[in-house]
Each structure stands twice: as C-alpha cells, then as structure tokens.
Amino acid sequence: MDEKFENQIAEMIDNAEKMARDYRLVNKKFKHEIFILKMLKSLKLRLILNFVDFELEDILESWKLHRNLTYDMLEFVPDEMLKETVGKNMGSIGKQFRHIGDVQLCYIEAIKTGKIDFSKYRRDYSIESSKEKLKQFLKELDNEMFYLLKTKKELQVDWGFMHVSLARHLNFLIQHEILHHGELIVYIRSLGLKFPKSWEDVWGPLNAIH
C-alpha cells in the first residue's frame, strides 16, 4: 500500500474521532460517542495490521494453523450433518466448507494472473454433502497454492485499490478463513455439536456450557 495513501486514511480516521468528540460537547444526548470511538480505534488497528509488512514464511505458518482447524472441523462434523443449516439464507454446513475452498481458488488464480477476481468461483454444489469430496477439494487447492507460493515469492497482486505483496495477499485469505470459523461456531453451537480439541486449544473451552 502506498505510504501517502495509508497516511491519508489514518488522518481521515483521526478527523472522524475528533468529530465524534466535538459533537458530544454540543449534544449531551449523544450517548454513542464511546462506542463510535472504540469502533474507529479498532478500524485504525486493523489498518495497521492489514498493511504492515509480513514475512511470507510467518504467514504460511499462520495459514497452516487455521487451515488445519478447518480440516479438523470438517473431520469432526458427522456426514449426515453437512446438509444442516441454522437459518434462512445461511446455507448448509457443507456449503460453508465449499465456499471456503471457492474463495481460496480465487486467491490462487490471483497468484497466477497477478490480479484478484472473485468471479472465478467454481461453485460445485455436488461436493457440499460429501466430506471426502470437500477434503479432496481443499487438499488440491492447498497443494497448488503451496507450489505457486514457492515459485512467485516476489509477486505483487493487484486488488484494484492497491497492489499487495504475496504475504499480504495470503494474510487476507487467512482473515477470510477466520471469518468462516466464526460462522462455523454458530452452526456447531446451534446444532448441539461438539468442537474438536484443536479448536479449544486455539479458542478456549468452546465445549463448556456458558
């Protein structure tokens, strides 16, 4: 990310924080100032985390950790539960895993072409009800991605609004994986299923009754 552009974004967030404080001074009924300030500080922190320089090797270790959590959860979910959902427009558990792979495919195509394009979805709905087919799909994607990462370490990927290093590109994919881990937690809790030990090792006592 261009340093000047990053500084401009940070300055915009600082100005928004000042506006929130100033508005609170003239409008005593404005009770959401603290929430807004916390949100803006979180946004600033995410800006820093998203665009800090990463070492590709470190990011790969993080990817392996989170992808192994995905494999562990897929292995843990009973086959007959892959078709289950938890609400309207939520899709099935199997769809969650298929979507995770489809998005990874877009990231892999970006490594090949140098430009992200989320229209490269595969959308093979037939694999959503098969644990073995889902595992095979994800394994094939991982193998291809690891090969490409070894051969294109200096690649810059065009994200439309900026160019990012391969490490940052992969970090975005990790964030997407974690997002869907959060959704899977909702599925597992809602359906009364248990979490793999690896998930509790990373996220704490998920199987405990709260």
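Listing for the model above:
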item: Placed amide H near Glu84: partners under 5 Å, 5+ positions off or other chain; result: Ile93, Gly94
item: Added length on full extension, which subtracts the Cα-Cα distance from 0.36 nm per residue, Lys64 to Leu191; result: 43.0 nm
item: Segment Ser126-Glu144, length gained on full extension (0.36 nm per residue, minus Cα span); result: 4.3 nm
item: Per-residue HN-Hα couplings for the stretch 131-144 [Karplus 6.51, -1.76, 1.60; θ = phi - 60°; Hz; x = Gly/Pro]; result: 4, 5, 5, 5, 4, 5, 4, 5, 5, 4, 5, 4, 4, 5
item: Rg to Rh quotient for the stretch 158-210, alpha carbon positions, Kirkwood Rh; result: 1.18
item: At R0 = 25 Å, FRET efficiency that the Cβ-Cβ distance of Thr113 and Ile174 yields, to 0.05; result: 0.75
item: Listed pairs Lys88/Lys194; Lys131/Lys194; Lys115/Lys135; Lys64/Lys197; Lys112/Lys135 exceeding 20 Å between Cα atoms; result: Lys88/Lys194; Lys115/Lys135; Lys112/Lys135
item: Projected label distance in nm at Glu75 and Met90, using a 7 Å step from Cα toward the beta-carbon; result: 2.6 nm
item: Rg/Rg_ref, the stretch 91-210, where Rg_ref = 2.2 N^0.38 Å and atoms are Cα; result: 1.18
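Coordinate-derived values only; no laboratory data. Since we're looking at a predicted model, the values are computed, not measured. Positions of Cβ are backbone-derived with ideal geometry, glycine not excepted, and every protein chain shown enters the neighbour counts.
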